[in-house]
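Following this message is one structure expressed as structure tokens.
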Amino acid sequence: MNSFALRVVAIAALVSSPILATPPLVLAQAPPPAVPIAPEPPVGLPRVRDYEPIPELQDIYFDFGKTTIRPGDVKILDANAAWLRVNPGQLLLIEGHCDNQGVTNKKNEFNMDLGEQRAQAAMNHLVARGVDPSRITILSYGEERPQCAEDSERCRGQNRRSRFLVKPR
């Protein structure tokens, strides 16, 4: 047999052999395990309905357009800080609020920023008095949630505030 014929027979034998004639092996991915995966914690605003006001934590009030803590409110914040230090199992939400006054055409944006700055000022005071900042969340409502709706300076003064609410860890 010449070399060409020998090659043809060898190739024919290889092609018809069970090793090459078997279908290719296909690897498939196994389905994921049936273990439930816990949902990731939400990012963004806290669930405000979980927080509650308590009589031990009092609101503080601000002058028109200001974020400075008034001297009379320092004592309130110090008492709030003392309560929070004694109750480390409580998380704190500080809401910043404003009145409905303003002279710019972007009054609502201004009041949202002002409310946030008021809540931040209260938080800074509490942190300086030893409250762990990781327990505190701040949120501004601007003028959206007034405590008083009368059209008077006394009423508007009640709306310029930081409010303190807690929930268990």
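Contact list please: Cβ distance under 9 Å, first residue in segment 68-83 and more than 16 Å from R160 (Cα to Cα), second residue of a type in the set (D, E, K, R), pairs at least six apart or on different chains.
Close Cβ pairs satisfying both conditions: D78/R129; A79/E56; N80/E56; N80/R129; A81/R129; A82/R129; W83/E56.
Another question, then. Hey, any hits in segment 131-139 for a residue that's of a type in the set (D, E, K, R), more than 23 Å from R47 (Cα to Cα) and out of contact with any Phe, Trp or Tyr (no Cβ under 9 Å at 6 or more places or on another chain)?
Within segment 131-139 (the criterion being of a type in the set (D, E, K, R), more than 23 Å from R47 (Cα to Cα) and out of contact with any Phe, Trp or Tyr (no Cβ under 9 Å at 6 or more places or on another chain)), the answer is no, since none of the residues qualifies.
Tell me whether segment 50-65 contains one or more residues that are surrounded by 14 or more Cβ atoms within 10 Å (Cβ to Cβ), under 19 Å from G157 (Cα atoms), touching a His at 6+ places or on another chain (Cβ under 7 Å) and not small (G, A, S).
no
If you don't mind, there's one more thing I want to ask. Can we say D99 is over 24 Å from D50 (Cβ atoms), charged (D, E, K, R), in contact (Cβ under 8 Å) with a residue 12 or more places away in the chain and surrounded by 13 or more Cβ atoms within 10 Å (Cβ to Cβ)?
Yes.
Further, regarding this structure: Check whether at least one residue in segment 115-124 is touching a Leu at 6+ places or on another chain (Cβ under 6 Å), of a type in the set (K, R) and at pLDDT 95 or above, and report yes or no.
Among the residues of segment 115-124, not one is touching a Leu at 6+ places or on another chain (Cβ under 6 Å), of a type in the set (K, R) and at pLDDT 95 or above, which makes the answer no.
What do you reckon, is Q120 more than 20 Å from E56 (Cβ to Cβ) and in a helix (DSSP H, G or I)?
Yes; evaluated as a whole, the condition is true for this residue.
Within segment 147-162, can you find the residues that are touching a helix residue (DSSP H, G or I) at 6+ places or on another chain (Cβ under 9 Å) and either farther than 25 Å from Y51 by Cα or of a type in the set (K, R) (or both)?
Scanning segment 147-162 gives E150, R160, R161.
Considering only residues that are in a helix (DSSP H, G or I) and either surrounded by 17 or more Cβ atoms within 10 Å (Cβ to Cβ) or in contact with a Phe, Trp or Tyr (Cβ under 6 Å, 6 or more places away or on another chain) (or both), which ones fall in segment 66-82?
Result: D73, I76, L77, N80, A81.
Within segment 123-145, work out how many residues are in a loop (DSSP other than H, G, I, E, B) and within 18 Å of K66 (Cβ to Cβ).
Summing the residues that are in a loop (DSSP other than H, G, I, E, B) and within 18 Å of K66 (Cβ to Cβ) in segment 123-145 gives 1.
The values are calculated or read from the model by the stated rules, or taken from the named source; none is laboratory data. It should be emphasised that the depicted structure is a prediction, and the values quoted were computed from it without experimental measurement. Note that each Cβ is placed from the backbone with ideal geometry, even for glycine, and that neighbours are counted across all protein chains shown.
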